[in-house]
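The values are calculated or read from the model by the stated rules, or taken from the named source; none is laboratory data. Please read these numbers as outputs of a predicted model, since none were measured by experiment. Here the Cβ is made from the backbone with ideal geometry for all residues, glycine too, and neighbour counts use every protein chain on show.
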Amino acid sequence: MAALRLQRALAPTGARTARRCMVAPSCARPEEVDAEATAVTRATSDPALWIFGYGSLMWRPGFVFEARRAAWIEGFARRFWQGSTDHRGVPGAPGRVVTLHPTPGARCHGVAYRVARAARARVLAALDQRERGGYRRERVALHLPATRPGARTRIESGLVYRALPDNPNYLGPGDLDEIAQVVAQAQGPSGSNHEYLKRLAATLRSMGFDEPALFELEARVEALTGAAGVLPHPAPTF
Ligand code: SIN
């Protein structure tokens, strides 16, 4: 059901009549995925660049792309462990934003963007600037669910911005109530930390994903702020 909602959320209008096996990760047998992985290695001359967004890049990429797809990466969990002093907080009062924590067996769902060769240098320069508060680019294997019945999950090599513990703004794990306190209060040049959390939660919901820890954080922040269901702008659409 979640997979179908995700497909509807992300598919171009003409493709919305598609049925079973379009996006469900479980539709691809491991050997199919492995075969695709080999294909990816062969396709390194592909001029397109794939970028994976799992935080604000999911709802506000801010760059020109040729295609956008639901995607996931393996072995990482989304965590509110990165401090933000340039977007959702300020120096001395950082907000908390997401990074990827290596977690065996985990799967992080997000959005993959394909960027044309002609635009890649410009897009990467802009993203490096936007994510300069502690993130760095890493190469990851992007799992792109099939978009046609009978097709296979594709794996593409892509880039992700990840904040590692060695960056000066890294905050790491914390008590959920303490994290909620920070998110409820922090403000930065890009807006409130609460808005960041709400947009992320709304985007995941619109794609059909259940992320209990994140939704629990949202509930705790709303218990503090009393702003349940309020977004300063319309909910994201795909
Ligand atoms: C991302 O969205 O992929 C990186 C983290 C962020 O900018 O929120």
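With the structure loaded, tell me whether residue 154 is within 14 Å of the ligand (Cβ to nearest atom), surrounded by 14 or more Cβ atoms within 10 Å (Cβ to Cβ), in contact (Cβ under 8 Å) with a residue 24 or more places away in the chain and of a type in the set (Lys, Arg) or whether it fails that test. No: the conditions fail for residue 154. Scanning segment 121-153 for residues that are farther than 17 Å from residue 75 by Cα and not in a loop (DSSP other than H, G, I, E, B) yields 121, 122, 123, 124, 125, 126, 127, 128, 129, 130, 135, 136. Can you confirm whether segment 173-180 contains a residue that is within 16 Å of the ligand (Cβ to nearest atom), at pLDDT 95 or above, closer than 22 Å to residue 61 by Cβ and touching a strand residue (DSSP E or B) at 6+ places or on another chain (Cβ under 7 Å)? So far as segment 173-180 goes, no, none of its residues is within 16 Å of the ligand (Cβ to nearest atom), at pLDDT 95 or above, closer than 22 Å to residue 61 by Cβ and touching a strand residue (DSSP E or B) at 6+ places or on another chain (Cβ under 7 Å).
Do you know which of the residues in segment 84-116 that are of a type in the set (S, T, N, Q) and under 18 Å from residue 52 (Cβ atoms) is surrounded by the most Cβ atoms within 10 Å (Cβ to Cβ)? In this case the residue turns out to be 99. Take the conditions (1) within 26 Å of residue 64 (Cβ to Cβ); (2) surrounded by fewer than 19 Cβ atoms within 10 Å (Cβ to Cβ); (3) in contact with a Leu (Cβ under 7 Å, 6 or more places away or on another chain); residue 119 misses just one of them, which is (3). Reported count of residues in segment 173-200, each being surrounded by fewer than 21 Cβ atoms within 10 Å (Cβ to Cβ) and closer than 30 Å to residue 49 by Cα, is 4.
Of everything in segment 133-151 that is free of Cβ contacts under 8 Å to residues at least 60 places away in the same chain and under 17 Å from residue 61 (Cβ atoms), the residue that is farthest from the ligand (Cβ to nearest atom) is 137.
Close Cβ contacts (under 7 Å, 6 or more residues apart or on different chains) running from residues in segment 199-216 that are more than 18 Å from residue 71 (Cβ to Cβ) to residues that are acidic (Asp, Glu) comprise 201/218. Out of the residues in segment 76-100 that are in contact with a strand residue (DSSP E or B) (Cβ under 6 Å, 6 or more places away or on another chain) and more than 13 Å from the ligand (Cβ to nearest atom), which is nearest to residue 153 (Cα to Cα)? Checked segment 76-100; the qualifying residue nearest to residue 153 (Cα to Cα) is 77. Do we find that residue 57 is at pLDDT 95 or above and of a type in the set (A, V, I, L, M) in this structure? Here the answer is yes, as residue 57 does meet what is asked.
Would you check if residue 162 is within 13 Å of the ligand (Cβ to nearest atom), touching a residue at least 40 places away in the same chain (Cβ under 8 Å) and either surrounded by fewer than 15 Cβ atoms within 10 Å (Cβ to Cβ) or not hydrophobic (A, V, I, L, M, F, W, C) (or both)? So residue 162 fits the description; yes. Among the residues making up segment 101-120, those that are under 24 Å from residue 167 (Cα atoms) and either within 11 Å of the ligand (Cβ to nearest atom) or out of contact with any helix residue (DSSP H, G or I) (no Cβ under 8 Å at 6 or more places or on another chain) (or both) are 101, 102, 103, 104, 106, 108, 110.
Find the residue count for segment 64-95, including only residues that are farther than 27 Å from residue 175 by Cβ, more than 14 Å from the chain's Cα centre (by Cα) and in a strand (DSSP E or B). Selection size over segment 64-95: 1. Of all residues in segment 81-95, exactly one satisfies the criterion of being farther than 22 Å from residue 207 by Cβ and among the charged types (D, E, K, R), namely 86.
Summed over segment 47-59, the residues that are outside any strand (DSSP E or B) and either aliphatic (A, V, I, L, M) or free of Cβ contacts under 8 Å to residues at least 12 places away in the same chain (or both) give a count of 3.
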